[in-house]
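The values are calculated or read from the model by the stated rules, or taken from the named source; none is laboratory data. Every value quoted in this text rests on a predicted model; they were computed, and no experiment measured them. Cβ placement follows ideal geometry from the backbone for every residue including glycine, while neighbour counts extend to all protein chains displayed. Ligands, DNA and RNA are excluded from the accessible area calculation, which covers all protein heavy atoms including side chains. Shrake-Rupley method; radii C 1.70, N 1.55, O 1.52, S 1.80 Å.
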Amino acid sequence: GLEGKFAQNVYPYAYTLRDWGDAKNAVARLSLDGSQASPQKAGELWRQWYPYWNRSSAVLVEKTPENFVRGLFLEKLFPRNARFVFVLRHPLAWALTIDKWLDNRWNFKKTLYLRDPDHGVDRRVDMWTQLVDKMLADVSKLENAAIVHAEACSLRPDVVPPSLARIVDGRRVSLAPFKGLARSNLAYIACWLEGGRTDAKAGSSRQDTTSGGIHACVPGAVALRDIARPRARAQLKSYLWGAKANRLRRYGYFVPDFESALCRDGGCKAPAEDETLADVDVGLDVASIEDRGLLDALGTN
(Lines give C-alpha, C1' and ligand atoms only; values in the text may rest on other atoms or scores of the structure.)
Protein backbone atom coordinates (compact mmCIF):
# COMPACT_ATOMS: atom_id res chain seq x y z
CA GLY A 1 0.00 0.00 0.00
CA LEU A 2 0.89 3.65 -0.34
CA GLU A 3 2.96 5.14 2.48
CA GLY A 4 1.14 8.14 3.87
CA LYS A 5 4.16 10.43 3.68
CA PHE A 6 3.76 10.46 -0.12
CA ALA A 7 0.12 11.58 0.06
CA GLN A 8 0.39 14.69 2.21
CA ASN A 9 2.09 18.05 2.57
CA VAL A 10 1.27 18.68 6.22
CA TYR A 11 4.58 17.54 7.72
CA PRO A 12 8.10 17.37 6.26
CA TYR A 13 8.81 14.47 3.94
CA ALA A 14 11.71 12.31 5.10
CA TYR A 15 13.37 9.12 3.88
CA THR A 16 15.42 7.70 6.73
CA LEU A 17 17.94 5.76 4.65
CA ARG A 18 18.62 8.70 2.36
CA ASP A 19 18.58 11.34 5.10
CA TRP A 20 20.66 9.53 7.73
CA GLY A 21 23.85 11.09 6.36
CA ASP A 22 26.84 10.54 8.64
CA ALA A 23 24.51 9.90 11.61
CA LYS A 24 25.14 13.29 13.28
CA ASN A 25 21.86 14.43 14.89
CA ALA A 26 20.06 12.07 12.51
CA VAL A 27 17.35 10.96 14.94
CA ALA A 28 16.60 14.54 15.97
CA ARG A 29 16.37 15.59 12.33
CA LEU A 30 13.92 12.80 11.51
CA SER A 31 11.73 13.04 14.60
CA LEU A 32 8.54 15.02 15.12
CA ASP A 33 6.89 15.62 18.50
CA GLY A 34 3.62 16.94 19.84
CA SER A 35 4.75 20.56 19.85
CA GLN A 36 4.68 20.50 16.04
CA ALA A 37 1.04 19.40 15.87
CA SER A 38 -2.09 21.55 15.66
CA PRO A 39 -5.84 21.05 15.07
CA GLN A 40 -5.44 22.64 11.64
CA LYS A 41 -2.75 20.14 10.67
CA ALA A 42 -4.89 17.29 11.95
CA GLY A 43 -7.83 18.33 9.82
CA GLU A 44 -5.75 18.80 6.71
CA LEU A 45 -3.89 15.50 7.13
CA TRP A 46 -7.17 13.66 7.57
CA ARG A 47 -8.55 15.22 4.38
CA GLN A 48 -5.46 14.23 2.44
CA TRP A 49 -5.25 10.65 3.69
CA TYR A 50 -8.93 9.74 3.82
CA PRO A 51 -9.42 9.11 0.08
CA TYR A 52 -6.77 6.37 0.13
CA TRP A 53 -8.40 4.28 2.86
CA ASN A 54 -11.18 1.71 2.64
CA ARG A 55 -13.88 3.81 4.24
CA SER A 56 -15.88 0.77 5.34
CA SER A 57 -13.05 -0.51 7.55
CA ALA A 58 -13.20 -0.19 11.32
CA VAL A 59 -9.42 0.21 11.46
CA LEU A 60 -7.44 2.52 9.17
CA VAL A 61 -3.73 1.73 8.88
CA GLU A 62 -0.85 4.06 7.98
CA LYS A 63 2.56 2.43 7.63
CA THR A 64 5.13 5.12 6.83
CA PRO A 65 8.44 3.82 8.31
CA GLU A 66 9.33 7.24 9.73
CA ASN A 67 6.29 6.98 12.03
CA PHE A 68 8.72 5.00 14.17
CA VAL A 69 10.05 8.30 15.53
CA ARG A 70 6.96 10.45 14.98
CA GLY A 71 4.47 8.78 17.31
CA LEU A 72 4.12 11.74 19.67
CA PHE A 73 3.32 14.03 16.75
CA LEU A 74 0.67 11.69 15.31
CA GLU A 75 -0.94 11.04 18.67
CA LYS A 76 -1.23 14.79 19.26
CA LEU A 77 -2.97 15.10 15.89
CA PHE A 78 -5.39 12.24 16.58
CA PRO A 79 -5.54 11.91 20.40
CA ARG A 80 -8.86 10.08 20.61
CA ASN A 81 -8.16 7.00 18.56
CA ALA A 82 -4.50 6.73 17.47
CA ARG A 83 -2.93 3.34 18.16
CA PHE A 84 0.67 2.38 17.41
CA VAL A 85 2.26 -0.98 16.62
CA PHE A 86 6.06 -0.86 16.50
CA VAL A 87 7.61 -3.92 14.86
CA LEU A 88 11.19 -4.93 15.68
CA ARG A 89 13.22 -7.07 13.31
CA HIS A 90 16.57 -8.63 14.11
CA PRO A 91 19.06 -5.76 13.68
CA LEU A 92 21.60 -7.76 11.69
CA ALA A 93 18.98 -9.10 9.29
CA TRP A 94 17.45 -5.62 9.01
CA ALA A 95 20.89 -4.15 8.24
CA LEU A 96 21.19 -6.57 5.32
CA THR A 97 17.62 -6.20 4.02
CA ILE A 98 18.01 -2.45 3.50
CA ASP A 99 21.04 -2.91 1.26
CA LYS A 100 18.88 -2.96 -1.87
CA TRP A 101 17.52 0.50 -1.09
CA LEU A 102 20.86 2.03 -0.15
CA ASP A 103 22.48 1.70 -3.55
CA ASN A 104 19.59 2.29 -5.92
CA ARG A 105 19.92 5.14 -8.38
CA TRP A 106 17.99 7.59 -6.21
CA ASN A 107 19.99 7.08 -3.01
CA PHE A 108 23.42 5.97 -4.19
CA LYS A 109 25.26 9.25 -3.67
CA LYS A 110 23.65 9.97 -0.30
CA THR A 111 24.21 6.64 1.44
CA LEU A 112 27.98 6.22 1.25
CA TYR A 113 28.27 6.28 5.05
CA LEU A 114 25.93 3.29 5.40
CA ARG A 115 27.41 1.41 2.44
CA ASP A 116 31.04 1.49 3.55
CA PRO A 117 32.38 -2.05 2.88
CA ASP A 118 34.20 -2.31 6.21
CA HIS A 119 31.92 -0.36 8.53
CA GLY A 120 28.54 -0.21 6.80
CA VAL A 121 26.92 -3.14 8.61
CA ASP A 122 28.01 -1.84 12.01
CA ARG A 123 26.73 1.62 11.14
CA ARG A 124 23.35 0.23 10.09
CA VAL A 125 23.04 -1.76 13.30
CA ASP A 126 23.91 1.40 15.22
CA MET A 127 21.25 3.21 13.21
CA TRP A 128 18.73 0.53 14.24
CA THR A 129 19.59 0.91 17.94
CA GLN A 130 19.37 4.71 17.82
CA LEU A 131 15.95 4.60 16.18
CA VAL A 132 14.68 1.95 18.59
CA ASP A 133 15.94 3.91 21.59
CA LYS A 134 14.05 6.99 20.38
CA MET A 135 10.93 4.90 19.82
CA LEU A 136 11.18 3.42 23.32
CA ALA A 137 11.49 6.88 24.85
CA ASP A 138 8.33 7.92 22.98
CA VAL A 139 6.39 4.75 23.85
CA SER A 140 6.62 5.60 27.53
CA LYS A 141 4.53 8.70 26.76
CA LEU A 142 2.06 7.25 24.24
CA GLU A 143 -1.40 6.22 25.42
CA ASN A 144 -1.84 3.16 23.19
CA ALA A 145 1.28 1.52 21.82
CA ALA A 146 2.41 -2.05 21.31
CA ILE A 147 5.81 -3.47 20.43
CA VAL A 148 6.21 -6.86 18.79
CA HIS A 149 9.18 -8.90 17.63
CA ALA A 150 8.62 -9.82 13.99
CA GLU A 151 10.40 -13.16 14.45
CA ALA A 152 8.04 -14.19 17.27
CA CYS A 153 5.07 -13.44 15.02
CA SER A 154 6.66 -15.44 12.22
CA LEU A 155 7.53 -18.47 14.34
CA ARG A 156 4.22 -18.51 16.24
CA PRO A 157 1.56 -17.19 13.84
CA ASP A 158 -1.27 -18.55 16.01
CA VAL A 159 -0.15 -16.65 19.12
CA VAL A 160 -1.12 -12.98 19.10
CA PRO A 161 1.42 -11.00 21.17
CA PRO A 162 -0.21 -9.72 24.39
CA SER A 163 0.79 -6.14 23.64
CA LEU A 164 -1.04 -6.29 20.32
CA ALA A 165 -4.10 -7.97 21.79
CA ARG A 166 -4.24 -5.22 24.39
CA ILE A 167 -4.75 -2.36 21.93
CA VAL A 168 -7.10 -3.84 19.31
CA ASP A 169 -10.24 -3.83 21.48
CA GLY A 170 -11.00 -7.51 20.98
CA ARG A 171 -10.72 -7.44 17.19
CA ARG A 172 -9.34 -10.47 15.40
CA VAL A 173 -5.67 -10.17 14.49
CA SER A 174 -3.97 -12.11 11.71
CA LEU A 175 -0.21 -12.59 11.78
CA ALA A 176 -0.17 -14.03 8.25
CA PRO A 177 1.91 -11.11 6.88
CA PHE A 178 4.82 -12.35 9.01
CA LYS A 179 4.85 -15.75 7.29
CA GLY A 180 8.35 -16.67 6.16
CA LEU A 181 10.06 -13.67 7.75
CA ALA A 182 12.21 -15.63 10.20
CA ARG A 183 13.49 -17.87 7.41
CA SER A 184 13.96 -14.84 5.17
CA ASN A 185 16.22 -13.31 7.83
CA LEU A 186 18.42 -16.38 7.67
CA ALA A 187 18.46 -16.23 3.87
CA TYR A 188 19.79 -12.67 3.96
CA ILE A 189 22.46 -13.62 6.48
CA ALA A 190 23.48 -16.77 4.59
CA CYS A 191 23.85 -14.80 1.37
CA TRP A 192 25.95 -12.16 3.13
CA LEU A 193 28.25 -14.85 4.56
CA GLU A 194 28.51 -16.31 1.06
CA GLY A 195 29.75 -12.97 -0.26
CA GLY A 196 26.65 -12.43 -2.39
CA ARG A 197 23.67 -10.13 -2.46
CA THR A 198 20.00 -10.98 -2.04
CA ASP A 199 17.84 -9.83 -4.94
CA ALA A 200 14.08 -10.33 -5.07
CA LYS A 201 14.04 -9.67 -8.83
CA ALA A 202 16.77 -12.05 -9.89
CA GLY A 203 14.69 -15.22 -9.96
CA SER A 204 15.06 -18.26 -7.78
CA SER A 205 18.36 -19.84 -6.88
CA ARG A 206 19.31 -21.13 -3.50
CA GLN A 207 17.28 -18.99 -1.14
CA ASP A 208 13.85 -19.09 0.41
CA THR A 209 10.35 -18.32 -0.71
CA THR A 210 8.63 -15.80 1.56
CA SER A 211 5.26 -14.11 1.44
CA GLY A 212 7.04 -11.37 -0.49
CA GLY A 213 8.28 -13.64 -3.27
CA ILE A 214 11.43 -15.54 -4.16
CA HIS A 215 14.69 -14.00 -3.04
CA ALA A 216 17.79 -15.09 -4.91
CA CYS A 217 21.33 -14.97 -3.62
CA VAL A 218 23.27 -13.40 -6.47
CA PRO A 219 26.99 -14.19 -6.26
CA GLY A 220 29.48 -11.46 -6.95
CA ALA A 221 32.56 -11.82 -9.10
CA VAL A 222 35.01 -14.37 -7.71
CA ALA A 223 37.61 -11.75 -6.81
CA LEU A 224 35.05 -9.66 -4.93
CA ARG A 225 33.60 -12.72 -3.25
CA ASP A 226 37.04 -13.70 -1.98
CA ILE A 227 37.13 -10.34 -0.19
CA ALA A 228 33.49 -10.19 0.91
CA ARG A 229 33.29 -13.67 2.47
CA PRO A 230 36.05 -13.34 5.10
CA ARG A 231 35.00 -9.76 5.81
CA ALA A 232 31.40 -10.79 6.51
CA ARG A 233 32.46 -13.71 8.69
CA ALA A 234 34.81 -11.50 10.71
CA GLN A 235 32.01 -8.96 11.18
CA LEU A 236 29.67 -11.72 12.30
CA LYS A 237 32.13 -12.93 14.93
CA SER A 238 32.34 -9.43 16.42
CA TYR A 239 28.68 -9.77 17.45
CA LEU A 240 28.97 -13.13 19.19
CA TRP A 241 30.17 -11.66 22.50
CA GLY A 242 31.34 -8.46 24.14
CA ALA A 243 29.88 -4.97 23.90
CA LYS A 244 28.08 -5.49 20.59
CA ALA A 245 26.39 -8.65 21.81
CA ASN A 246 25.36 -7.04 25.10
CA ARG A 247 23.86 -4.07 23.29
CA LEU A 248 21.57 -6.23 21.17
CA ARG A 249 20.40 -8.30 24.14
CA ARG A 250 18.84 -5.15 25.58
CA TYR A 251 16.19 -5.47 22.87
CA GLY A 252 15.71 -9.23 23.09
CA TYR A 253 18.12 -10.17 20.32
CA PHE A 254 21.48 -11.88 20.00
CA VAL A 255 23.65 -13.09 17.14
CA PRO A 256 24.08 -16.88 17.09
CA ASP A 257 27.01 -18.49 15.33
CA PHE A 258 25.22 -18.23 12.00
CA GLU A 259 28.32 -19.37 10.14
CA SER A 260 28.29 -22.78 11.84
CA ALA A 261 24.50 -23.04 11.49
CA LEU A 262 24.11 -21.96 7.87
CA CYS A 263 27.41 -22.74 6.15
CA ARG A 264 28.49 -26.26 5.27
CA ASP A 265 29.68 -28.26 2.28
CA GLY A 266 31.38 -25.21 0.83
CA GLY A 267 28.33 -22.91 0.85
CA CYS A 268 25.83 -21.04 3.00
CA LYS A 269 22.06 -21.23 2.72
CA ALA A 270 18.89 -20.80 4.79
CA PRO A 271 17.24 -23.88 6.31
CA ALA A 272 14.76 -25.76 4.16
CA GLU A 273 11.16 -24.59 4.34
CA ASP A 274 10.06 -27.80 6.04
CA GLU A 275 12.64 -27.36 8.82
CA THR A 276 11.17 -26.13 12.09
CA LEU A 277 12.87 -23.05 13.51
CA ALA A 278 13.07 -21.95 17.14
CA ASP A 279 13.84 -18.60 18.78
CA VAL A 280 17.48 -19.59 19.29
CA ASP A 281 17.91 -20.29 15.57
CA VAL A 282 16.95 -16.72 14.61
CA GLY A 283 18.62 -14.86 17.48
CA LEU A 284 15.54 -14.05 19.57
CA ASP A 285 15.87 -14.04 23.38
CA VAL A 286 13.15 -12.00 25.06
CA ALA A 287 14.26 -13.31 28.46
CA SER A 288 17.40 -11.19 28.17
CA ILE A 289 15.45 -7.92 28.24
CA GLU A 290 15.86 -5.95 31.45
CA ASP A 291 14.29 -2.65 30.42
CA ARG A 292 10.92 -2.47 32.19
CA GLY A 293 9.54 -0.01 29.66
CA LEU A 294 10.23 -2.41 26.81
CA LEU A 295 8.83 -5.34 28.77
CA ASP A 296 5.65 -3.35 29.48
CA ALA A 297 5.28 -2.41 25.83
CA LEU A 298 5.77 -6.06 24.84
CA GLY A 299 3.09 -7.05 27.33
CA THR A 300 5.37 -9.52 29.11
CA ASN A 301 5.48 -7.79 32.50
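Each Cα pair under 8 Å and six or more residues apart adds its separation to the average, and for the chain the resulting relative contact order is 16 percent.
Counting only DSSP H runs of at least 4 residues, each contributing -39500 (n - 2.57), and dividing by the residue count of the chain, the helix-based mean residue ellipticity at 222 nm comes to -11500 deg cm²/dmol. For the residue pair residue 78 and residue 173, what label-to-label distance in nm results when each label sits 7 Å from Cα along the Cα-to-beta-carbon direction? Placing both labels 7 Å along Cα→Cβ, they lie 1.8 nm apart.
Loop-located GluC sites (Glu not before Pro) in region 232-275 (DSSP state not H, G, I, E or B) with no more than 12 neighbouring Cβ atoms inside 10 Å: 273, 275. Couplings for region 101-113, taken from phi via the Karplus curve 6.51 cos²θ - 1.76 cosθ + 1.60 with θ = phi - 60°, read 8, 6, 10, 6, 5, 7, 10, 3, 6, 9, 10, 4, 4 Hz in order; Gly and Pro are left as x.
In terms of its alpha-carbon gyration tensor, region 1-126 comes out prolate; a/c meets the 1.5 threshold, and the first ratio a/b outweighs b/c. Spatial offset of region 249-287 relative to region 67-89 amounts to 31 Å, using the alpha carbon center of each.
Among the listed pairs 63/237; 134/179; 76/244, those whose Cα-Cα separation exceeds 31 Å are 63/237; 76/244. The distance between label points at residue 292 and residue 275 comes to 4.1 nm (points 7 Å beyond Cα on the Cα→Cβ vector). Of the residues 282, 85, the one with the largest accessible area comes first in the ranking 85, 282, computed with a 1.4 Å probe on protein heavy atoms. Cys residues of the chain that find no other Cys beta carbon under 4.7 Å: 153.
On the basis of the beta-carbon distance and an R0 of 41 Å, residue 42 and residue 300 show a calculated FRET efficiency of 0.80. A run of the chain free of exposed loop cleavage sites, with trypsin sites (Lys or Arg not before Pro) counted only in DSSP states other than H, G, I, E and B and at most 12 other beta carbons within 10 Å, reaches its longest extent at 202-301. Between residue 141 and residue 28, the modelled labels are 1.5 nm apart [label points 7 Å from Cα along Cα→Cβ]. A simple count of charges around residue 282, restricted to other residues whose Cβ falls under 9 Å of its Cβ and scoring Lys, Arg +1 and Asp, Glu -1, yields -2.
Can you give me the Cα centroid spacing of region 1-57 and region 128-183 in angstrom? When both Cα centres are located, 21 Å separates them.
Solvent-accessible area assigned to carbon and sulfur over the chain amounts to 53 percent, based on a 1.4 Å probe.
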